[in-house]
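Trainee: Have a look at the structure that comes next, please.
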Amino acid sequence: MAEKGVTPRGEDYSKWYTDVVQKTELADYSPVKGCMVIRPYGYSLWENIQAALDRRFKETGHVNAYFPLLIPMSFLKREAEHVEGFAPELAVVTHGGGKELDEPLVVRPTSETIIGHMYSEWVKSYRDLPILINQWGNVVRWEMRTRLFLRTTEFLWQEGHTAHATREEAEEETQRMLGVYADFAINEAAIPVVQGRKSDREKFAGAVASYTIEAMMGNGWALQSGTSHFLGQNFARVFDIKFLNQKNEFAYAWTTSWGLSTRMVGAIIMAHGDDQGLMLPPRLAPTQVVVVPIWRKDAERGVVLALAEQVTATLGAAGVRVKLDSRDEFNAGYKFNDWEMRGVPLRIEIGPRDVEQNAVVFARRDILGKEGKTFGVPVAGIADAVRDMLVTIQAGMLARATEFRDANTHTVASYDEFRQVLEGPGGFIRVHWAGTSEDEDRIKEETKATVRCYPFERPEGEGVCFYTGQRTDRIAIFARAY
RNA sequence: CGGGGCGUAGCGCAGCCAGGUAGCGCACUUGAAUGGGGUUCAAGUGGUCGGAGGUUCAAAUCCUCUCGCCCCGACCA
């Protein structure tokens, strides 16, 4: 059972995050360093994320499949940038069945190589294209420093891998899936992400271009929350994915890959959470509504519980994810705090006074205290009232997160100003940018801020680079990032 | 791997300097009262003091070695 409260964000943001994850029972540390146990509450949230994404993948013509966890080491080495990018973080299997293996196997850090290999066998004709496959699975990256959900040695994700006959089609696919991620983040997770292209320094190892959705966390840091890569013909060439086109000529396929991981859980925690704990968007919350019965005397207990059970059943039948908290060992105040910490979007309080009126009290998670309460909600038509309220809360959370992001997005005219923002308020810094990769490295070293993306939306037009003084129409968003 | 810190009950810690019955808070169990914002009282359960060796009549405490973990830095969905 969770103890009292979480560390306030202002006191220690990292501690707050860890407290939230552990006390709300989303996840726990494992005996293996760097790995985590995703507990039922966290896994249930992930399942809702999966369902919302999977539906979108299917709607855009994709199918699911599963490729092996173990990949021949030689596969990784075929694409020069790819192996360079991933070599430092590989887990390698050298022994099996008590014997040393002829060729070491890597535990997949990502599956472009093995899927590329299979695609080369499956693609012979332009008629075999496109291939639009997604995989739900786990990957392993041997990271030095780990944080629950944000960076662990093993994590769950989905990785889409597609192959197309033309460059245009593959580029379209890359954008389409980035759009799917953005739509998911905004409309399901209530996180107002910025879509854009990754700088060369930050792009995926082996990609021609990488695109990202960047979210702002409660401390102003950025979190890359999903990526979509245009791989050009890089992987097709090294894995020999070629086909005969309509002119009877051999051509290499154009491929893409795109992924979103359990890191999204971390994004939801940090984009919405407050000092009370988690705040989950209704569309993804494992429990959308909790019913808390309140009574003083045993005589009241019966009627209160009866109404609470009736309301719970009605909502359940209406498809609302609802839970009745009839635990006798805790008083109402404890339960209020407990469910608020766990981020349940809507609480329904039912006491003797409510029973008399055949009504209930709504209490919103996103607006704490009396301000967020609605008294005297009639039991008749409760399901519609709850549905409406959940929609309102979902919208309210998105609006608040958007406001927060905009309020913490700064523009600067000079590097001095840039540094002042980072040392002071923090957040996103949106600037004209004509610097090189080396300039980017220098800025990172001096300020720990990196280019999060070149945003698609840039109403600013041309201007002067804050760093080099050159005129440019390129806009970059800098921030400290997880 | 470089710099700093820490291992005593499930969690957080005190005790160590000046060796002498292993403690506190939370959690957990039981009972009672309480109950519209983390309520209270009482009684309990639970520990080879990270490990090994040494000094000593006696070691959580002193000495030696060792293992592990955390924080900061390089890497990262």
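The values are calculated or read from the model by the stated rules, or taken from the named source; none is laboratory data. None of these values were measured; they are calculated from a predicted model. With ideal geometry, Cβ positions are generated from the backbone for all residues, glycine too; neighbour counts draw on all protein chains shown. For the accessible areas, the whole protein counts, side chains as well, though only heavy atoms, and no ligand, DNA or RNA atoms are used. Shrake-Rupley method; radii C 1.70, N 1.55, O 1.52, S 1.80 Å.
Trainee: Return the residues of region A:438-464 that are part of a loop (DSSP other than H, G, I, E, B) and closer than 14 Å to A:SER199 by Cβ; say none if nothing qualifies.
Mentor: Answer for region A:438-464, where residues must be part of a loop (DSSP other than H, G, I, E, B) and closer than 14 Å to A:SER199 by Cβ: just A:ALA449.
Trainee: Got at least one residue in region A:83-93 being more than 16 Å from RNA strand B (Cβ to nearest atom) and farther than 22 Å from A:GLU143 by Cα?
Mentor: no
Trainee: Looking at this structure, is A:ASN358 open to solvent by 50 Å² or more (accessible area, probe 1.4 Å) and either near RNA strand B (Cβ under 9 Å from one of its atoms) or among the basic types (Lys, Arg) (or both)? Reasoning before the result, please.
Mentor: Working: open to solvent by 50 Å² or more (accessible area, probe 1.4 Å): yes; either near RNA strand B (Cβ under 9 Å from one of its atoms) or among the basic types (Lys, Arg) (or both): no.
Here the answer is no, as A:ASN358 does not meet what is asked.
Trainee: Looking at region A:210-317, what helices (runs of 4 or more DSSP H) fall wholly within it and have at least 1 residues that are closer than 30 Å to A:VAL391 by Cα and open to solvent by 40 Å² or more (accessible area, probe 1.4 Å)?
Mentor: So the answer is A:263-272, A:298-317.
Residue-wise test of (1) farther than 27 Å from A:ASP338 by Cα; (2) open to solvent by less than 70 Å² (accessible area, probe 1.4 Å).
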residue: A:LYS23; (1), (2): no, yes
residue: A:LYS33; (1), (2): yes, no
residue: A:MET36; (1), (2): no, yes
residue: A:SER44; (1), (2): no, yes
residue: A:ILE49; (1), (2): no, yes
residue: A:ARG55; (1), (2): yes, no
residue: A:ALA65; (1), (2): yes, yes
residue: A:ILE71; (1), (2): yes, yes
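Trainee: Give A:LEU368, A:LEU346, A:LEU422 a once-over and let me know the one that is within 16 Å of RNA strand B (Cβ to nearest atom) and outside the structural domain of A:GLU309 (by TED's automatic domain parsing). Talk me through it step by step, then tell me what you get.
Mentor: Working: A:LEU368 fails: outside the structural domain of A:GLU309 (by TED's automatic domain parsing); A:LEU346 fails: outside the structural domain of A:GLU309 (by TED's automatic domain parsing).
Answer to the selection: A:LEU422.
Trainee: Report yes if some residue within region A:109-120 is over 24 Å from A:GLU169 (Cα atoms), within 16 Å of RNA strand B (Cβ to nearest atom) and surrounded by 15 or more Cβ atoms within 10 Å (Cβ to Cβ); otherwise report no. Give the steps one after another, and end with the answer.
Mentor: Looking only at region A:109-120, we keep the residues that are over 24 Å from A:GLU169 (Cα atoms), and these are A:109.
Adding the requirement that they be within 16 Å of RNA strand B (Cβ to nearest atom) leaves A:109.
Now narrow it down to the ones that are surrounded by 15 or more Cβ atoms within 10 Å (Cβ to Cβ): A:109.
Scanning region A:109-120, I find at least one residue that is over 24 Å from A:GLU169 (Cα atoms), within 16 Å of RNA strand B (Cβ to nearest atom) and surrounded by 15 or more Cβ atoms within 10 Å (Cβ to Cβ), so the answer is yes.
Trainee: While we're on this one: Residues in region A:273-283: is at least one farther than 29 Å from A:ALA401 by Cβ, touching a residue at least 24 places away in the same chain (Cβ under 8 Å) and not assigned by TED's automatic domain parsing to the domain that holds A:THR24? It would help to see each step written out before you state the result.
Mentor: Of region A:273-283, the ones farther than 29 Å from A:ALA401 by Cβ are none.
Checked region A:273-283: no residue is farther than 29 Å from A:ALA401 by Cβ, touching a residue at least 24 places away in the same chain (Cβ under 8 Å) and not assigned by TED's automatic domain parsing to the domain that holds A:THR24.
Trainee: Something else now. Yes or no: region A:140-151 includes at least one residue that is in contact with a helix residue (DSSP H, G or I) (Cβ under 6 Å, 6 or more places away or on another chain) and without any contact (Cβ under 8 Å) to a residue 12 or more places away in the chain.
Mentor: The answer is no, given that none of the residues of region A:140-151 is in contact with a helix residue (DSSP H, G or I) (Cβ under 6 Å, 6 or more places away or on another chain) and without any contact (Cβ under 8 Å) to a residue 12 or more places away in the chain.
Trainee: Among the residues of region A:320-339, is there at least one that is more than 8 Å from RNA strand B (Cβ to nearest atom) and farther than 27 Å from A:ASP19 by Cα?
Mentor: Yes: region A:320-339 contains one or more residues that are more than 8 Å from RNA strand B (Cβ to nearest atom) and farther than 27 Å from A:ASP19 by Cα.
Trainee: Taking A:GLU159 as the residue in question, decide whether it is charged (D, E, K, R), buried (at least 24 other Cβ atoms within 10 Å of the Cβ) and closer than 13 Å to A:TRP258 by Cβ. Talk me through it step by step, then tell me what you get.
Mentor: Numbers: charged (D, E, K, R): yes; buried (at least 24 other Cβ atoms within 10 Å of the Cβ): no; closer than 13 Å to A:TRP258 by Cβ: yes.
The answer is no for A:GLU159.
Trainee: Does any residue of region A:51-58 turn out to be of a type in the set (Gly, Ala, Ser) and farther than 23 Å from A:ALA185 by Cα? Please lay out each step first, then the result.
Mentor: First, the residues of region A:51-58 that are of a type in the set (Gly, Ala, Ser): A:51-52.
In the following step, the residues that additionally are farther than 23 Å from A:ALA185 by Cα were identified as none.
Scanning region A:51-58, I find no residue that is of a type in the set (Gly, Ala, Ser) and farther than 23 Å from A:ALA185 by Cα, so the answer is no.
Trainee: Limited to region A:261-319, what total is found for residues that are within 14 Å of RNA strand B (Cβ to nearest atom) and on the phi > 0 side of the Ramachandran plot?
Mentor: The number of residues fulfilling the criteria is 1.
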